[in-house]
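Undergrad: Have a look at this one before I ask anything.
The values are calculated or read from the model by the stated rules, or taken from the named source; none is laboratory data. None of the values given here were measured: they were computed from a predicted structure. Quick reminder, even Gly has a Cβ in these numbers, built from the backbone with ideal geometry, and neighbours come from all protein chains shown.
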Amino acid sequence: MELILWRHAEAQEHPDLAHGQPGDALDLARKLTPRGEKQAARMAAWLDRQLPDGARIFASPAQRTEQTALALGRKLKLRDELLPEGDPLALLELVQWPHGKSPVVVVGHQPTLGRVIARLLHLNEEDCPMKKGALWWLRQRERNSAMQTVIVTVQTPELL
């Protein structure tokens, strides 16, 4: 199985910095900045060339993740399991890791995406921050009768 984890591109700051919380209504309404729109477009152009037609695309219903995913120009499903502060195990269940047949792209948030990566690579959760707009492509494979998660690539929009 192939799992592509894509963090939303740069977004506007939360309008209530002092009291705002991840996942509150104001947070979910945050849009991409002009720089974020460029990041999303650059990563989407690269990703579109790599992805097969049958790839499934899931995104958090937050405005900034939906905008990031829409840059790819493919059908997508918005899923509440991917909201900010989501459960990494719920994400893995949603994508049917490691038994899913088609590649899956998940457009979501930190720290959830980093926690999923850490879990799959057997790292400490704190050891896997993820840059805005970045993408991690992971693959599950069998090697010497053991299942392994391998890193296919890590991309950032600035390096494309």
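Undergrad: Could you please let me know if Lys131 is loosely packed, with under 13 Cβ neighbours inside 10 Å, assigned to a loop (DSSP other than H, G, I, E, B) and either at pLDDT 95 or above or out of contact with any helix residue (DSSP H, G or I) (no Cβ under 8 Å at 6 or more places or on another chain) (or both)?
TA: No; evaluated as a whole, the condition is false for this residue.
Undergrad: Quick one: how many residues across region 21-33 are surrounded by 18 or more Cβ atoms within 10 Å (Cβ to Cβ) and among the charged types (D, E, K, R)?
TA: The initial filter retains those residues of region 21-33 that are surrounded by 18 or more Cβ atoms within 10 Å (Cβ to Cβ), namely 27, 30, 32.
Then keep just the ones that are among the charged types (D, E, K, R); that gives 27, 30.
Adding up the residues that qualify gives 2.
Undergrad: Specify which of the listed residues (Gly100, Gly36, Gly54, Gly73) is crowded, with 18+ Cβ neighbours inside 10 Å and in contact (Cβ under 8 Å) with a residue 24 or more places away in the chain.
TA: Residue meeting the stated conditions: Gly36.
Undergrad: On to the next question. If the requirement is being of a type in the set (D, E, K, R), in contact with a Phe, Trp or Tyr (Cβ under 7 Å, 6 or more places away or on another chain) and modelled with pLDDT of 95 or more, which of these qualifies: Lys77, Lys38?
TA: It is Lys77.
Conditions (1) hydroxyl-bearing (Ser, Thr, Tyr); (2) closer than 20 Å to Lys38 by Cα; (3) within 11 Å of the chain's Cα centre (by Cα); (4) surrounded by 14 or more Cβ atoms within 10 Å (Cβ to Cβ), marked per residue:
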site: Thr68; (1), (2), (3), (4): yes, yes, yes, yes
site: Gly86; (1), (2), (3), (4): no, no, no, yes
site: Ala118; (1), (2), (3), (4): no, no, no, yes
site: Asn124; (1), (2), (3), (4): no, no, no, no
site: Asp127; (1), (2), (3), (4): no, no, no, no
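Undergrad: Taking Val95, is it surrounded by 22 or more Cβ atoms within 10 Å (Cβ to Cβ) and either of a type outside the set (Lys, Arg) or within 12 Å of the chain's Cα centre (by Cα) (or both)?
TA: Yes, satisfied.
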